[in-house]
Each structure stands twice: as structure tokens, then as C-alpha cells.
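Participant: Provided herewith is a single structure, encoded as C-alpha cells, for subsequent inquiry.
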Amino acid sequence: MALSQPLDGAPSMSRARRWSLLFTVAAGLLLVTLDNSVLYTALPTLTEELSASAGQALWIINAYPLVMAGLLLGAGTLGDRIGHRRMFLVGLVVFGIASLAAAFSATAGQLIAARAFLAVGAAAMMPATLALIGLSFHEERERNIAIAIWGSVAIVGAALGPIIGGLLLQHFWWGSVFLINVPVVVVAFIATLLLAPEGQRDSTRPWDLLSSLLALAALSGLVLAIKSLIATPPSYSVGAVSLLLAVISGIAFSRRQQQLPYPLLDFAIFRNPAFLAGTLSAVFTLFAMAGLQLLTTQRFQLVAGLSPLQAGLLVSVAALGSLPSALLGGSVLHRVGLRPLICGGLAAGAVGVGVVALGFPHGLGWVVAGMAITGFGMGAAISVASTAILNNVPPHRAGMASSVEEVSYEFGGLLAVALLGSLSAAMYGAFLPESAGIPSAAREGFTQALHVAREVGQGEWFALATAAYDRGYQIVLLVISAVLAAGAVIIARLLRGRAGGRDGAADRVK
């Protein structure tokens with residue numbers, strides 16, 4: 001059923017104004033997603049120029065999605081309280097300042113801190129982008145298309161990140177990958193002032209900072225536990241303490257939400273199968289896309305000798321391949337419903353990642369084909385995940401729903417970097433022969449093996465190290481494929497017997 005009135009009771013916007021606003025908030029979203037993937041190709045350069053350790057290199061990547069995911073729930077609810085327009089503007093300012101700080105960082109520690117600060121601005125912007133769309137588009141089909149375009153922009157950002165990172169590194173110093181954010185921030189800020197609706201603010205609802213900190217502690221503990229337990233060698237003491245922190249913080253967060261009259265997260269919204277399906281779809285798609293892009297850019301730079309730009313162009317095939325199905329999904333959702341788009345998309349993605357895993361030893365053509373198949377499947381799933389989430393909550397939960405959607409995406413990407421990056425390193429160590437004359441430094445990781453090879457030359461041991469790295473890469477890709485297949489089965493069961501673009505609308509939590 002189409003919405004005839006604005007979600008917040010404000011006057012309807014003209015068609016030109018609401019579509020202009022869509023592209024304005026999409027610019028903010030583009031910045032956020034670019035900064036998630038722009039370092040995939042820049043990481044080897046950053047690691048070398050800042051003399052970053054392997055642990056620091058992973059935290060340069062992880063600090064951004066980790067802090068963002070921890071703050072997103074609070075940011076969405078805060079937007080319901082003070083207005084999503086104001087939240088978006090504040091987020092743009094913070095993001096611009098943090099981009100300058102990141103560009104001119106002198107040490108790995110400074111860059112990690114700047115990336116965490118970037119995440120604060122991104123957390124303020126992300127729920128506001130989707131909430132402003134919900135406040136501006138009221139006819140069902142038009143809103144579905146707008147959200148599909150919004151999701152497509154996220155895909156474009158993921159695609160452009162590695163390419164832009166590689167292109168800038170060919171001509172400028174590494175700080176340029178952050179400096180390009182500043183002019184976009186300025187333009188988006190001015191456009192938002194002119195176009196975005198004020199919306200209703202519910203200043204009577206308190207905002208709970210403690211809940212945000214508990215969510216951040218739970219996520220941080222979980223990520224650190226994964227990294228510690230899968231590391232080579234594993235650190236069981238750190239892993240156990242981190243896991244305990246995650247469990248205690250998670251339980252405390254859950255109990256606090258049940259006690260608060262206005263919680264950051266109302267767990268009742270997950271009783272809606274369509275909402276839950278959209279949330280899980282976001283986790284699965286970003287887990288696969290982030291893992292595939294990160295591991296593939298690293299593998300083809302380190303082993304195949306591709307430049308950062310070439311590696312970025314290679315992995316962009318997956319993101320660009322998702323655009324047609326993403327736009328098509330948004331336009332046909334009201335006819336075919338969620339189930340075929342989400343489940344079919346995840347299943348196609350599983351096949352595509354499998355093609356990359358099994359085909360990369362036989363030539364680059366197999367990688368390109370697998371990337372394209374993966375992208376086409378992920379586009380269909382990602383185009384409707386946001387719609388399933390936003391369309392299945394009442395209007396006063398728009399900020400909360402937007403936050404859940406963004407946390408789902410960030411958690412999927414965060415889990416991919418933490419789990420798959422650590423698993424790849426563990427597989428490399430596991431597949432190295434014990435007695436093959438391999439230098440001890442080369443056993444610490446394939447990047448270290450490359451450094452040793454430059455110093456002492458590539459002997460027979462280096463071929464064994466390369467084979468171990470490639471075998472680990474293949475195993476991790478097969479894990480991604482299996483996760484996508486499992487996701488398709490789980491969501492098919494959730495959406496069994498449901499039809500229509502607004503699946504579960506009648507079951508919305510009040």
C-alpha cells in the first residue's frame with residue numbers, strides 16, 4: 001500500500017527537490033563507502049611508508065567500520081530526537097575534519113586515530129541518509145526505486161574505492177585518498193542546507209550514550225577475540241578476555257534496552273520476518289563483497305604483481321556487475337517480492353565466488369567472470385535489503401531501522417576483515433612445509449616473505465610460500481561461498497509464504 005502522507009507529517013516535497021535530495025545524501029553515502037574500500041589497494045603502500053606492523057595494518061582497516069558499527073545505533077536514535085537533517089550536517093563536518101587529519105597523519109597510530117574519528121562522522125551521516133529518503137519519498141514504487149539507487153551508490157562506492165585508491169597512488173602521495181573527501185563534503189553540506197526537510201523532532205525522548213558505548217565494547221571485544229584466536233600463533237588469553245568482554249557488554253546492552261522506555265534498539269522489530277531477512281541479507285552481502293575485494297586486491301598485488309590501480313579495476317568488476325540487478329530489483333520488488341530477489345541473489349553470489357576460488361589458477365578470465373556473477377547476485381540482494389528493513393517498521397522507528405540497516409552492513413564488512421583476514425594468515429602458516437628451508441621471518445606472513453625475498457633472493461622456499469598463500473586464498477574464498485549459500489537457505493525459510501514488495505507490512509511493530 002502506497003503512503004499518501006509524509007512519514008513525519010511535513011508537507012510533500014516537489015519531485016525535483018526530493019530527487020535532488022536523494023543525490024545529495026547519496027554523495028554522503030558515497031564518501032562513507034569509499035572510505036571503507038579505498039584502502040584495500042592503498043594498504044601495502046601505507047604499511048611500507050608508515051612502517052606499520054601487520055597488526056597496525058589491520059587496525060588501519062578495522063578502526064573505521066568498528067567504531068562506526070558501535071555508534072550507529074545511537075546515531076540513528078539521536079537523529080530521531082534532534083532531526084536527521086541536523087545529524088547529516090554534523091556528520092559531514094566531522095567527516096571533513098577527520099579526512100584532513102587522516103591525510104596528514106605521520107604515524108600508523110595517528111592514522112588509526114584519524115580513521116576512528118572518520119567513523120564518528122560516518123556514523124552520524126549513514127542513518128540520516130536512509131531516514132531522509134524515507135521522509136521524502138512516500139509513494140511505494142518511487143520509494144523502492146529511490147532506495148535501490150541509494151543501495152547502488154553504496155555499491156558504486158565499494159567499486160570506486162579500490163580504483164580511486166590505485167589511481168591516486170600512481171600520481172600522488174597516499175594522503176590524497178583522504179583529501180579527496182573534502183570538496184565533496186563542502187558541496188553536500190551546502191546542498192543539504194537548501195534541500196533537506198527539517199522533519200519532526202521528538203525532543204522528549206532521551207538519548208542513552210551508555211548503550212552506544214556498550215554496543216561498541218561488545219563489537220570491539222568480538223573482533224579482537226576473532227583476531228586473537230585465529231592469529232598465527234593464536235593468543236588464547238587475549239582471545240578469552242576479549243570474548244568475555246564481548247559477552248558481558250552484549251548482555252548488559254540487551255538488558256539495558258529492555259529496561260529503557262526509549263531504547264536505542266527495540267529487539268521486538270526483529271520479530272518481523274521480512275525485517276530480519278533484510279538485516280541478514282545486508283550482513284551476508286557485505287561479508288562477501290568486503291572479503292572478496294580485500295583478499296583479491298592483496299593476492300593479485302602481492303603474487304601476480306598487479307599495480308594498485310590494476311588490482312582495483314579487477315575487483316571493481318564485482319561491484320559494477322551488481323548495478324544492473326540492483327536497479328532492476330528496486331523496480332520489480334513490488335511485483336515479485338523479497339524472497340526470489342534476496343535468496344536468488346545470495347545463491348548466485350555463492351556460485352560466483354566459487355568460480356573465482358576454483359578458476360583463478362587457470363587464468364584471469366575466470367576471476368573476471370566469477371566477479372561479475374558475484375556482483376550480479378549481490379546487486380539483487382542488496383537492492384531490496386534496505387527496502388525490507390525500512391518498509392517494515394512504523395514511521396517513528398525510521399532512525400532506529402536505518403541504524404540497524406547500517407550496522408548490518410558495517411558488521412558484515414567488519415566481520416569479513418577480522419575473520420577472513422585472520423583466517424587467510426592462519427591458512428598461510430598452516431600450508432607452509434615444516435622443513436623446507438623457509439626463513440623464519442617469511443613464516444610470519446606472505447608480506448614478510450616478499451621482504452625476505454627482496455633481500456636474499458627468491459629461492460625454492462619462495463615458491464612454496466607462494467603456493468601456501470594461494471591455497472589459503474582459495475580456502476577462504478570457498479568459505480565465503482559456503483556462507484552465502486547458507487544465507488540463501490536461512491532467508492528462504494524466513495520468507496516462506498510471504499509475497500509482495502512490502503513483505504510483512506501488516507506485522508510491523510508499533
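The values are calculated or read from the model by the stated rules, or taken from the named source; none is laboratory data. All figures in this text were calculated on a predicted structure; none of them were measured in a lab. Positions of Cβ are generated from backbone atoms using ideal geometry, with glycine treated the same way; all protein chains shown enter the neighbour counts. Surface accessibility is based on the protein's heavy atoms, side chains included, excluding ligands, DNA and RNA. Shrake-Rupley method; radii C 1.70, N 1.55, O 1.52, S 1.80 Å.
Participant: Within the set of other residues whose C-beta is less than 12 Å from the C-beta of VAL32, count the net charge using Lys and Arg as +1 and Asp and Glu as -1.
Facilitator: With Lys, Arg at +1 and Asp, Glu at -1, the neighbours total -3.
Participant: Give me the percent of accessible area attributable to carbon and sulfur for the range 229-335, probe 1.4 angstrom.
Facilitator: In the range 229-335, the share of accessible area belonging to carbon and sulfur is 68 percent.
Participant: Which of rounded, prolate or oblate describes the range 59-120 when judged by the alpha-carbon gyration tensor and an a/c cut-off of 1.5? Please report the intermediate quantities before stating the final value.
Facilitator: Values: a/c = 4.56, a/b = 1.78, b/c = 2.56.
It is oblate, given that a/c is not under 1.5 and a/b is not larger than b/c.
Participant: If you don't mind, there's one more thing I want to ask. With a sphere of radius 13 Å drawn around the Cβ of VAL283, what net charge do the other residues whose Cβ falls strictly inside it have (Lys, Arg +1; Asp, Glu -1)?
Facilitator: Here the count lands on -3.
Participant: A further question on this structure: Cα gyration tensor of the range 204-291, axes a ≥ b ≥ c as square roots of the eigenvalues: rounded (a/c below 1.5), prolate (a/b > b/c) or oblate?
Facilitator: oblate
Participant: If you count, for each residue, the other Cβ atoms within 10 Å and average over each peptide, how do 181-191, 318-328 line up from highest to lowest?
Facilitator: 318-328, 181-191
Participant: What distance in nm separates the simple spin-label points at SER51 and TRP366, each placed 7 Å from Cα in the Cβ direction?
Facilitator: Result: 4.2 nm between the two label points.
Participant: Net charge near THR107, counting Lys/Arg +1 and Asp/Glu -1 over other residues with Cβ under 13 Å of its Cβ?
Facilitator: 0
Participant: Which ³J(HN,Hα) values in Hz, rounded to whole numbers, follow from the phi angles of the range 366-372 under the Karplus curve 6.51 cos²θ - 1.76 cosθ + 1.60, where θ = phi - 60° and Gly and Pro get x?
Facilitator: Result, ordered by residue: 5, 5, 4, 4, x, 4, 5 Hz.
Participant: Follow-up question, since we're still on this one. Can you give me the distance in nm between label points at LEU194 and PHE267, each placed 7 Å from the Cα along the Cα-to-Cβ direction?
Facilitator: 4.7
Participant: Relative to the present Cα-Cα distance, how much length would full extension add between ALA430 and LEU179 at 0.36 nm per residue of separation?
Facilitator: Details: separation 251, 0.36 × 251 = 90.36 nm, distance 3.99 nm.
Full extension of this stretch gives 86.4 nm more.
Participant: Could you give the length gained by full extension between VAL238 and TRP207, i.e. 0.36 nm per residue of separation minus their alpha carbon distance, to one decimal place? It would help to have the intermediate numbers written out before the result.
Facilitator: On the way: separation 31, 0.36 × 31 = 11.16 nm, distance 3.28 nm.
Full extension of this stretch gives 7.9 nm more.
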